[in-house]
1. Scan the stretch B:136-154 for residues that are touching a residue at least 40 places away in the same chain (Cβ under 8 Å) and more than 11 Å from chain A (Cβ to nearest Cβ) and jot them down.
2. Restricting to the stretch A:361-373, what's the tally of residues that are more than 8 Å from chain B (Cβ to nearest Cβ) and farther than 20 Å from residue B:101 by Cβ?
3. The conditions are (1) touching a strand residue (DSSP E or B) at 6+ places or on another chain (Cβ under 7 Å); (2) under 27 Å from residue A:220 (Cβ atoms); (3) modelled with pLDDT of 65 or more; (4) exposed (fewer than 13 other Cβ atoms within 10 Å of the Cβ), and residue A:104 fails exactly one of them. Which is it?
4. Considering the stretch A:394-411 alone, what residues qualify as being away from chain B (no Cβ under 14 Å), crowded, with 18+ Cβ neighbours inside 10 Å and farther than 29 Å from residue B:136 by Cα?
5. Return the residue satisfying two criteria in turn: it lies in the stretch B:109-135 and is buried (at least 19 other Cβ atoms within 10 Å of the Cβ) and in a helix (DSSP H, G or I), and of such residues it is farthest from the other protein chains (Cβ to nearest Cβ).
6. Filter the stretch A:270-295 for residues that are touching a residue at least 40 places away in the same chain (Cβ under 8 Å), part of a strand (DSSP E or B) and under 24 Å from residue A:386 (Cα atoms); which is farthest from the other protein chains (Cβ to nearest Cβ)?
7. Could you tell me whether any residue of the stretch A:239-252 is away from chain B (no Cβ under 13 Å), surrounded by 17 or more Cβ atoms within 10 Å (Cβ to Cβ) and either part of a loop (DSSP other than H, G, I, E, B) or at pLDDT 90 or above (or both)?
8. Would you call residue A:88 at pLDDT below 80 and under 27 Å from residue A:134 (Cβ atoms)?
């Protein structure tokens, strides 16, 4: 309330019985309220015995920022000490009111009017306003002129959006106010106050809640100096128009206080969330049995726009708790605002709970949306100028597994994962180290205990010294490994070699027939781009006493829904005897060369390739083939001699001699175009005889259904042991 | 009279000849779409696929007939007109990948089809039908799944049109799929009819 009051009384009328009083001078009488009060008390003391009531038309009363028009005062003189009076105005305008008060009226039934005191212990304030459910509000007030103090208290005011209660203590420019509300419906409130620009963002958010609030305010003149609040909210929620921020059924408490000195505010606030759910693009939050709590000690400098969090503590017991401190600059220009600095520390984060409760709900359609996790970790991170500048994490006994689907096979897993990961944006980061005790890749490839010394800096992760990752009984030796993170353009570089893995272990793990030999290889480089790994160099298998070389291996979308593998494979000098024995194909002696060009596997099934296998040109080993093998080959080529052999004179021979043998298959659209070592009139030679007893096997079937061919091969190898697919 | 009928016949043949290369092979497309949709929906597909779904499949019969008449005339006139019976190609690496991706995603989408939260739209996509049936926790997930599914579906229709050498067939492919999704939708699922109204199977 302003300290200087002006009044322009246009006139005052009083009616008296039996006497008559009339003051009727032209306006322009400008006096202070004190003068009016003095006048009043003078009238009252001097004329009370002479008059029953007095009507004073005060006209306009105005302060610097407010004015009341058509002010009238009516005094009724009773017998007791208590005064009865009423004060009304045609309209009142005040900057704290968002509207013009039309025809306010205070009726005081039990009041006091003296030269230095205007009070009312029992009064009714009559107000007309669409927000009000009832027009009559019981109030009490007291104006002590000497102290220039006004005390005001209202009873519960039923409004359209809930109940309000107001207490005010105003003394010489200093004031304190208590506002309390019950069952305040913010949705209704926001609908009602839609003309307030300050309500705009809340309305767009579809903000709703039921509030029980207590607000203590203190200030001087029109400035607010101190505020203490205690807000209980129920059924709180909001909805961002784009649906990116959503909340439902929030129940909890928000309390705090803030005091200012000049433009600097300082205070604390805390929020506890007992129930409800909150969804943001970055995390989801829903308190479990224990409430989640956030506490903040803060300071705000209005001159610089800097908001300082001296201590920000979050606790969601059993899952995540952290402490942080930092500065945030609030600026009109978003480029100059943002997090100036932030340091966050958290210990003992429960990894599976953090993942399932906070992160998984916002991770759909990402490669990490179906991880199985165990273990915990500590985290420290720093943000500087709106950019992450440092992360340190310590992993403890972590287990991680990814499946393509809940009951599908495991894509990869690592267990007993531990280590320190230190990353920083600028150079000179601390050394990092990750170790694990075991794991597997694509369900079947087992990974042994490993330790990777790493360096993480900026966009680059690199192996700081050579590391050995055991695979089965061999190992992948990484000499150089780095990742350059750039979103979709992430690049990976790798250099290393495989120390021999025994084919026996390898084939067993993959559920193949037991093979002998070794798998080894040089990997001069692996490049990665857009989800595709390209392996430079070659992997070398030594199987069946020959060499299998895999070149130009490309793996697309390896952990995706349709992994694709393309490669060129060449096979040299395989020993047919051990090969046929392994696959129960009968018995063939001799050597075999082959090529599988443009092999394409989708979801590990062959889609297309161009394959040919044949006896090497310069092979001088012994070339023999037994009856069973002849039958099997005939069967494959569709020659139809199967069984015929055993009925003919040839059944007397256990084995036959051959010059060359071979088969080719060009797979496309599920059909294998077959061929042999050389064409004949109606088909092709699969086996061309030589020496005695001589046998030729011809194939006539030029197009075979691939699935039929595979099922035949499976039958042949008995027990259904699969052929390398 | 003879002249007139000859003229009509000539016109008919000419018209048939003209349409042959641009005629969308609705029947083959229908068959291919059904196979793809069945594969994606798996066990969730409505087993009574012959059942009519409101007005969605109403126009199918007449499409088929038109097609048969056209092809019969062409066969008669140009005996080796294989083009009228093109092998409708839905088997390129890109299409296989989209099919695998949609099949895998279907496991995540299925509960929301069943609860009526989402449904099939008349333009052969997926849309939210009843947001309130999705818990807040799943809101973001469903949003992303629907966006990803629609990205794949759009790519699928375009890829199929392109695989058959006619990128301009995309709307026809989409129309065939719209009918197929609605027809194969499981019991209790929601779909839009051709007027865009939501219907429950």
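The values are calculated or read from the model by the stated rules, or taken from the named source; none is laboratory data. All values derive from a computational prediction rather than experimental measurement. FYI the Cβ positions are ideal-geometry reconstructions off the backbone, even for glycines, and counts take in every protein chain you see.
1. If the condition is that a residue be touching a residue at least 40 places away in the same chain (Cβ under 8 Å) and more than 11 Å from chain A (Cβ to nearest Cβ), then B:153 is the only one that fits.
2. Total meeting the criteria: 2.
3. The failed condition is (4).
4. Within the stretch A:394-411, A:395, A:398 qualify.
5. That would be B:113.
6. If we take residues in the stretch A:270-295 being touching a residue at least 40 places away in the same chain (Cβ under 8 Å), part of a strand (DSSP E or B) and under 24 Å from residue A:386 (Cα atoms), then A:285 is farthest from the other protein chains (Cβ to nearest Cβ).
7. Within the stretch A:239-252, one or more residues are away from chain B (no Cβ under 13 Å), surrounded by 17 or more Cβ atoms within 10 Å (Cβ to Cβ) and either part of a loop (DSSP other than H, G, I, E, B) or at pLDDT 90 or above (or both).
8. Spelling it out, it is not the case that residue A:88 is at pLDDT below 80 and under 27 Å from residue A:134 (Cβ atoms).
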